[in-house]
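S.K.: The structure follows.
Bear in mind these aren't lab numbers, they're just calculated from the coordinates by the rules spelled out. Quantities reported herein were computed from a predicted structural model and do not represent experimental measurements. Cβ placement follows ideal geometry from the backbone for every residue including glycine, while neighbour counts extend to all protein chains displayed.
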Amino acid sequence: MAIEKTIVDDRIEVVGTYKCLQIRTATIITEDGVELSRSFHRRVIEPHDDITTESAEIQGIANATWTDVVKAAWATAQAEQIELEATVHPSE
């Protein structure tokens, strides 16, 4: 009776203008090869995030989709958002 726990990124999607990566990680529990349970965790990686600890597959997808143009557009959008928030919610 061997119980095993396997964790795998089972879905990786590239979404939106800034090519954010949506990653679904499955945690699978099996006993003697029969699946007992499966649960999911989702996360998003954005163009400014550090990907050095990600799997080679995720790094490859990020490097292929996050071109200099995409990274520059992301940085511009973030700067504009910060500026907008500063005008809407000025410091007290």
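S.K.: Note down, for the chain, the three equivalent ellipsoid semi-axes (square root of 5 times each alpha carbon gyration tensor eigenvalue), biggest first, whole angstrom.
M.R.: The three semi-axes for the chain are 37, 17, 9 Å.
S.K.: To the nearest 10 degrees, how steep is helix 68-88 against the longest Cα principal axis of the chain, on a 0 to 90 scale?
M.R.: With both axes taken from Cα atoms, the answer is about 60 degrees.
S.K.: Need one number: % antiparallel among DSSP beta bridges in the chain, to the nearest 5.
M.R.: Percentage antiparallel, nearest 5: 100.
S.K.: Within 10 Å, count the other beta carbons around each residue, average over each peptide in 13-19, 82-88, and list them highest first.
M.R.: 13-19, 82-88
S.K.: Nearest 10 degrees, 0 to 90: what angle lies between the long axis of helix 56-65 and the longest principal axis of the chain (Cα atoms)?
M.R.: The answer is roughly 30 degrees.
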